[in-house]
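Here's the structure, in structure tokens; my notes come after.
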Amino acid sequence: MFSRVLIANRGEIALRIVRACHELGIEVVVVYSEADRDAPYVQLADEAICVGPAAAAKSYLNIPAIISAAELTDVDAIHPGYGFFAENAHFADICKDCGIAFIGPDPESMRQLGDKVAARAIAKRAKVPVVPGSEGEIKDEAEAIKLANKIGYPVIVKAAAGGGGRGMRVAHNDISLRKGFIAAKTEAEAIFKDETVYIEKFIVEPRHVEVQLMADKHGNAVHFYERDCTIQRRHQKLIEESPSPILNEKTREELCKSALRLVKEANYHNAATCEFLLDKDNNYYFIEVNTRIQVEHPVSEMVTGHDLIKWQLKIASGETLDLKQRDIHHTGVAMECRINAEDPARDYAPCPGPVDKFIVPGGYGVRVETHLCQGATVSPYYDSMIAKLIVHQPTREETIATMKRALREFKIGPIKTTIPACLDILSHHLFVKSEVDTSFIERHMG
Ligand code: ADP
């Protein structure tokens with residue numbers, strides 16, 4: 001096992017990794033920007049190094065500063081968390097060249113699976129159903145229109161290097177496809193520095209269901225069942241739960257086995273999530289693999305009782321995944337609400353600022369992941385997620401009741417947060433019956 005690990009991240013995930021490392025007897029080095037100097041996890045770390053000013057490009061995304069910090073503090077490994085360098089194969093290459101373990105997959109499998117076009121090809125080889133669409137890159141509008149007429153409208157143009165719900169355009173006819181194609185390509189080049197786009201059939205009113213996986217370097221792989229992440233706003237998840245309330249046992253088993261075949265086909269190791277869309281008839285289609293730990297991983301931890309961050313650390317250090325699939329069970333229902341510093345009443349506008357009031361809920365079945373405390377300030381420089389509230393109870397009804405109670409106890413002010421929006425969703429009769437699809441928020445929450 002590693003003796004010293006550097007965390008190349010910030011916020012709640014940095015704190016989450018600090019805790020897992022300490023429980024495994026690993027010393028922790030954290031890097032921080034000038035804006036995060038007073039964050040609690042910086043004080044909890046065994047060593048902390050300032051890597052630059054608030055702007056992420058100059059601190060958390062500053063490769064020379066982070067690698068220098070790692071070398072200076074003599075760490076064995078770097079945990080990238082999610083976001084920042086978590087899916088950056090170039091950064092993983094540099095770690096490798098410097099003799100520092102990257103806590104994640106090999107740069108090569110990250111490259112392959114991180115490219116959505118390449119990942120579709122791997123899924124097909126592994127006999128995993130993919131959304132009907134292009135074989136590879138779509139080069140021009142004429143090719144796009146020809147394919148769209150073959151598979152039928154609506155279609156969605158997506159960036160091969162896409163992420164975070166960006167670089168996607170839905171088209172309902174040749175005219176909107178022409179526009180969407182150019183827009184998606186331009187956005188892909190601007191955001192991801194890669195203009196490659198491809199086309200998928202747009203699945204109408206789908207649910208988003210994903211499978212959590214873990215694979216070691218010795219050929220062993222297991223899944224930790226699925227998460228249902230259908231509640232999204234602009235393709236960004238807001239509430240996640242496990243198990244998916246609409247999957248029957250047969251489909252669950254097929255879905256999880258498909259995801260396992262896919263990561264095995266890619267010779268993958270460490271944590272991964274295979275994302276699927278589910279249509280109204282419960283047919284599932286692969287959309288992408290996330291080659292990192294995800295924001296919503298606690299939901300799977302709560303239902304299966306496995307600490308996924310600890311598994312990441314063990315696997316990266318070369319340990320065997322000594323877990324058999326038959327020993328992984330899921331119990332009860334877990335749900336996560338993402339608390340963002342955003343104002344739902346003003347179209348979810350970011351709401352940074354000082355936090356004068358911060359009262360965290362607790363009690364049976366409640367877990368809170370946050371880096372904030374009273375007196376802290378939410379910085380405008382970073383992602384607006386400031387806390388994750390996770391609840392685990394025997395039934396979905398009890399989970400919803402506990403979540404509502406905990407959300408009401410959670411007092412954050414004077415900044416605005418997504419707590420009221422989460423409460424509205426949890427109280428909506430369609431959510432309670434789980435009759436929702438990915439457009440639920442846009443359609444029913446004003
Ligand atoms: P990203 O990597 O940007 O998160 P994904 O491919 O994971 O992009 O898609 C994010 C979300 O966009 C999905 O959860 C779903 O809501 C929507 N989406 C993506 N592809 C399709 C599709 N073919 N049909 C319908 N919705 C889609």
Original post:
Among the listed residues Ala148, Ala183, which satisfies the condition of being hydrophobic (A, V, I, L, M, F, W, C), out of contact with any Leu (no Cβ under 8 Å at 6 or more places or on another chain) and either under 28 Å from Met385 (Cβ atoms) or touching a residue at least 40 places away in the same chain (Cβ under 8 Å) (or both)?
Top reply: Ala183
**OP:** Please tell me if Pro53 is of a type outside the set (Ser, Thr, Tyr) and touching a helix residue (DSSP H, G or I) at 6+ places or on another chain (Cβ under 8 Å).
**Re:** yes
Subject >> helices (runs of 4 or more DSSP H) wholly inside the stretch 378-446 containing at least 3 residues that are within 16 Å of the ligand (Cβ to nearest atom) and under 25 Å from Phe276 (Cα atoms) >> reply: 440-444
Original post:
Looking only at residues in the stretch 136-183 that are basic (Lys, Arg), under 26 Å from the mean Cα position of the chain (by Cα) and open to solvent by 60 Å² or more (accessible area, probe 1.4 Å), which one is farthest from the ligand (Cβ to nearest atom)?
Top reply: Arg169
Original post:
Hey, Leu423 hits all of (1) farther than 22 Å from Ser33 by Cα; (2) in contact with a helix residue (DSSP H, G or I) (Cβ under 7 Å, 6 or more places away or on another chain); (3) crowded, with 18+ Cβ neighbours inside 10 Å but one; which does it fall short on?
Top reply: (3)
Subject >> Every residue from the stretch 37-56 that is in contact with a strand residue (DSSP E or B) (Cβ under 9 Å, 6 or more places away or on another chain) and either part of a helix (DSSP H, G or I) or not aliphatic (A, V, I, L, M) (or both) >> reply: Arg37, Asp38, Tyr41, Val42, Leu44, Asp46, Glu47, Cys50, Gly52, Pro53, Ala56
Subject >> Residue list for the stretch 70-101, filter: part of a strand (DSSP E or B) and either in the same structural domain as Glu296 (by TED's automatic domain parsing) or open to solvent by 10 Å² or more (accessible area, probe 1.4 Å) (or both) >> reply: Ala101
Original post:
Within the group Lys217, Lys193, Lys201, which residue is of a type in the set (Lys, Arg), more than 18 Å from Val128 (Cβ to Cβ) and modelled with pLDDT of 95 or more?
Top reply: Lys217
Original post:
Do we find that Asn283 is away from the ligand (no atom under 16 Å from the Cβ) and either assigned by TED's automatic domain parsing to the domain that holds Leu323 or touching a residue at least 24 places away in the same chain (Cβ under 8 Å) (or both) in this structure?
Top reply: no
**OP:** Filter the stretch 367-405 down to residues that are open to solvent by 30 Å² or more (accessible area, probe 1.4 Å) and closer than 17 Å to Ile239 by Cα, then give me how many there are.
**Re:** 11
Subject >> Test: Lys237 is open to solvent by 20 Å² or more (accessible area, probe 1.4 Å), within 16 Å of the ligand (Cβ to nearest atom), without any contact (Cβ under 8 Å) to a residue 60 or more places away in the chain and of a type in the set (D, E, K, R) >> reply: no
**OP:** Filter the stretch 114-134 down to residues that are open to solvent by less than 10 Å² (accessible area, probe 1.4 Å) and at pLDDT 95 or above, then give me how many there are.
**Re:** 7
**OP:** Can you give me the number of residues within the stretch 284-315 that are farther than 21 Å from Arg111 by Cα and out of contact with any helix residue (DSSP H, G or I) (no Cβ under 9 Å at 6 or more places or on another chain)?
**Re:** 9
Original post:
What tally of residues in the stretch 35-57 results from selecting those that are under 16 Å from Ile67 (Cα atoms), acidic (Asp, Glu) and within 23 Å of the chain's Cα centre (by Cα)?
Top reply: 0
Original post:
Which residues, counting only those in the stretch 398-446, are under 17 Å from Gly365 (Cβ atoms) and without any contact (Cβ under 8 Å) to a residue 12 or more places away in the chain?
Top reply: Ala401
Original post:
Arg125: of a type in the set (Lys, Arg), more than 11 Å from the ligand (Cβ to nearest atom) and not assigned by TED's automatic domain parsing to the domain that holds Leu72, yes or no?
Top reply: yes
Original post:
Just wondering, is there one or more residues in the stretch 220-233 that are away from the ligand (no atom under 15 Å from the Cβ), more than 26 Å from Asn283 (Cβ to Cβ), outside any helix (DSSP H, G or I) and open to solvent by less than 60 Å² (accessible area, probe 1.4 Å)?
Top reply: yes
**OP:** May I ask you to list the residues in the stretch 184-207 that are within 9 Å of the ligand (Cβ to nearest atom) and not in a strand (DSSP E or B)?
**Re:** Phe202, Ile203, Val204, Glu205, Pro206
Original post:
Is it the case that the stretch 102-113 has a residue that's closer than 23 Å to Gly167 by Cα and open to solvent by 60 Å² or more (accessible area, probe 1.4 Å)?
Top reply: yes
Subject >> Hits in the stretch 130-180 - residues which are in a helix (DSSP H, G or I) and among the hydrophobic types (A, V, I, L, M, F, W, C) >> reply: Ala142, Ala144, Ile145, Leu147, Ala148, Ile151, Ile175, Leu177
Subject >> Pair list, Cβ under 6 Å, 6 or more apart: the stretch 203-232 residue under 15 Å from Pro245 (Cβ atoms), other residue more than 10 Å from the ligand (Cβ to nearest atom) and assigned to a loop (DSSP other than H, G, I, E, B) >> reply: Val209/Ser244; Tyr225/His330; Glu226/Ser244; Arg227/Glu296; Asp228/Ser244; Thr230/Val436
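The values are calculated or read from the model by the stated rules, or taken from the named source; none is laboratory data. Since we're looking at a predicted model, the values are computed, not measured. Using ideal geometry, Cβ is built from the backbone for each residue, glycine included, and neighbour counts are taken over all protein chains shown. Surface accessibility is based on the protein's heavy atoms, side chains included, excluding ligands, DNA and RNA. Shrake-Rupley method; radii C 1.70, N 1.55, O 1.52, S 1.80 Å.
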